[in-house]
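No value in this document is a laboratory result; all are computed from the given coordinates. Computed from a predicted model, the values in this text were never measured in an experiment. Here the Cβ positions follow ideal geometry from the backbone for every residue, glycine too, while neighbour counts run over all protein chains shown.
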Amino acid sequence: MKHSCIQLDDLPDEILMIIFQKLNQLELLLSLGVNKRLKKIAYDQNFTSHLTLFKRLSNDDIQPLPDRIVDRFRLEILPQIHHKIMWLELESISMERILLTTNYPNLCGLGLHGIDVEKAILFFTG
């Protein structure tokens, strides 16, 4: 064991799930690259059923994600996990783009933060 080199991919799925639960959900989903095994574990319903697509600052203010990150979610991640999402937490700047990206067949809850009520009503009724 003196020169043992264990890599993340060498760990059993159960250990990886425990590690992934301790990490920031957004950063985890954005950082997996092309490793299919790690993506499969991170895209598990345990990690994707409740998705928060903004940053909450230490003073409880909401900060929208940068456009490039929202676009990456829209183009790469949401199409692969949309059927697993049961709850979405969104903010006003990216709300429309995220909701129009795909169908969310199992979505049963929506948290809207920093959103103008009139704008939200128009979006959902119009």
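With a Förster radius of 30 Å applied to the C-beta separation of Asp13 and Glu118, the computed FRET efficiency comes to 0.05. If you compute Cα Rg over 2.2 N^0.38 Å for the structure shown, which of [x] 1.02; [y] 1.08; [z] 1.21 do you land on? Identified label for the calculated read-out: [z].
Available extension along the chain between Asn59 and Glu89 is 9.0 nm, counting 0.36 nm per residue and deducting the alpha carbon span.
Straight-distance candidates among the aspartates and glutamates for linking to Lys55, with alpha-carbon spacing under 18 Å and chain neighbours fewer than 8 residues away dropped: Glu27, Asp67, Asp71, Glu89, Glu91, Glu96. Net length available on complete extension from Asn46 to Lys22 is 7.4 nm, with 0.36 nm assigned per residue and the Cα-Cα distance removed.
DSSP bridge analysis restricted to the chain gives an antiparallel fraction near 20%, rounded to the nearest 5. Each residue of region 70-86 is assigned a 3J(HN,Hα), and the resulting list reads 4, 5, 5, 4, 4, 8, 10, 8, 4, x, 8, 10, 3, 6, 9, 6, 10 Hz, derived from the Karplus form 6.51 cos²θ - 1.76 cosθ + 1.60 (θ = phi - 60°), x at Gly and Pro. For the chain, the residue among Met86, Thr48, Leu11 whose Cα projects farthest onto the positive side of the dipole built from Cβ charges is Leu11.
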